[in-house]
Each structure stands twice: as C-alpha cells, then as structure tokens.
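Colleague: Before anything else, here's the structure in question.
Every read-out reported here was derived from the displayed coordinates using simple, explicitly stated rules and does not represent laboratory data. As the structure is a computational prediction, the values presented were derived from the model and not from experiment. In this analysis, Cβ positions are derived from the backbone assuming ideal geometry, glycine residues included, and neighbour counts consider all displayed protein chains.
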Amino acid sequence: MEVREDGHHDYVDRLRAQWAERIPGLDTSSAEVVARVLRIGALVGHANDRALEDEGLNRGEFELLAALRRADRPLRAREITTVTESPGASITKRLDRLERDGLVERTVPERDRRGVLVALTPAGVALVDRLFPEQIAREASAVSALSAEDRERLGGLLATVLRTLDPASY
C-alpha cells in the first residue's frame, strides 16, 4: 500500500491495494479521485438522509422542495422532473405525500388547463429555509480541513471532470 505524506491510509488506499494483489498491473489511479468522490458523496448523503428522516422526509422529497424554492415560482410537474432528473411517477408520488403534509399545493391555471402547477406552501418555504442551511453546514464540515484556496482549486478541478461527463453542464 502506498504511504501517504501524512502517513494515513483511507478506504480508497485499501481498495487499491486489494486490487493490486488480485489483478497486478491494473491501473486503478482513477480511483484516487472517482472512488473518493463517490465515498465522500455517500458519507455526506447518509448524514443528510439521517437529518431528513428526523423531519419525516427522504432525499427525493427534499430535492423536490428545494427545486421549487430555487425556482421561486410554481413549476409544472414536467419541469420538476427535468430539474430533479427524477422519473415522472416518482414525482407524482412525492407530490402526493408533500401535498398531504401541507408542504406543496397544486393548482390548475385558468388560462392553460393542460398542466398542474406546483408551489410551495408557506410551511414548505419555512422547512426548506430551515433545512437547507443545515445541509450546507454538514457539507462545509466535510471540507473543513481544506483551506479556502484548496477548496476553490478542488472545486475547479471537479468542475472540469463534471463537464466531461455531464451533458447538462454549460
């Protein structure tokens, strides 16, 4: 196993060492970035999931609420599907539950009866405005060992990788 400057080994170092034993010569250097990004995402995601469970929400429901809050206007279900990259059936199920909980409301516009508009209720706005800063604080804690300069540099490097993979990047 490679010895790091700080003398510590992490999950990815152990994985790479195991693969080096099983398939010698296999280049696992991409795991230096990709596996760590995935592992960090999973750990932060689990922390966020636990916090949302305390509120009776799941990640998909919160993403829907946050999408509505960011838009700051009612959205059609089709727009929510596009923004959240979730299947339409999942959006419908989430909207049903969030509407029952009084966090969103659906209306049919008078001028255009083809689609339902979805908006946050005041309770939905208040919930997102309370929970989102808590999520940001968890994410800030995850990168707190990095200087502001290192965070900016890492963010830029990851943006380059994302643009390579994500057709929605612009």
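Colleague: Which one of these does residue 118 not meet: (1) exposed (fewer than 12 other Cβ atoms within 10 Å of the Cβ); (2) farther than 24 Å from residue 143 by Cβ?
Modeller: Status for residue 118: all satisfied but (1).
Colleague: Consider residue 67 carefully, then state whether it is within 12 Å of the chain's Cα centre (by Cα) and under 30 Å from residue 102 (Cα atoms).
Modeller: So residue 67 passes the test.
Colleague: Might you check whether a residue that is within 27 Å of residue 117 (Cα to Cα), surrounded by 14 or more Cβ atoms within 10 Å (Cβ to Cβ) and not basic (Lys, Arg) occurs anywhere in segment 20-40?
Modeller: Looking through segment 20-40, none of the residues is within 27 Å of residue 117 (Cα to Cα), surrounded by 14 or more Cβ atoms within 10 Å (Cβ to Cβ) and not basic (Lys, Arg).
Colleague: Checking residue 54 against (1) of a type outside the set (Val, Ile, Thr); (2) closer than 21 Å to residue 120 by Cβ; (3) surrounded by 14 or more Cβ atoms within 10 Å (Cβ to Cβ); (4) free of Cβ contacts under 8 Å to residues at least 24 places away in the same chain, which test does it fail?
Modeller: (3)
Colleague: Right, something else. Is it the case, given these coordinates, that residue 73 is within 19 Å of residue 139 (Cα to Cα) and of a type in the set (Lys, Arg)?
Modeller: no
Colleague: Oh, and also: Which residues, counting only those in segment 135-154, are surrounded by fewer than 12 Cβ atoms within 10 Å (Cβ to Cβ) and within 17 Å of the chain's Cα centre (by Cα)?
Modeller: 136, 137, 140, 141
Colleague: Something else about it: Checking residue 9 against (1) over 25 Å from the mean Cα position of the chain (by Cα); (2) surrounded by 11 or more Cβ atoms within 10 Å (Cβ to Cβ); (3) in contact (Cβ under 8 Å) with a residue 12 or more places away in the chain, only one condition comes out false. Which one?
Modeller: It is condition (3) that residue 9 fails.
Colleague: Restricting to helices (runs of 4 or more DSSP H) lying wholly in segment 86-170: which have 3 or more residues that are among the hydrophobic types (A, V, I, L, M, F, W, C) and more than 17 Å from residue 71 (Cβ to Cβ)?
Modeller: 122-142, 148-165
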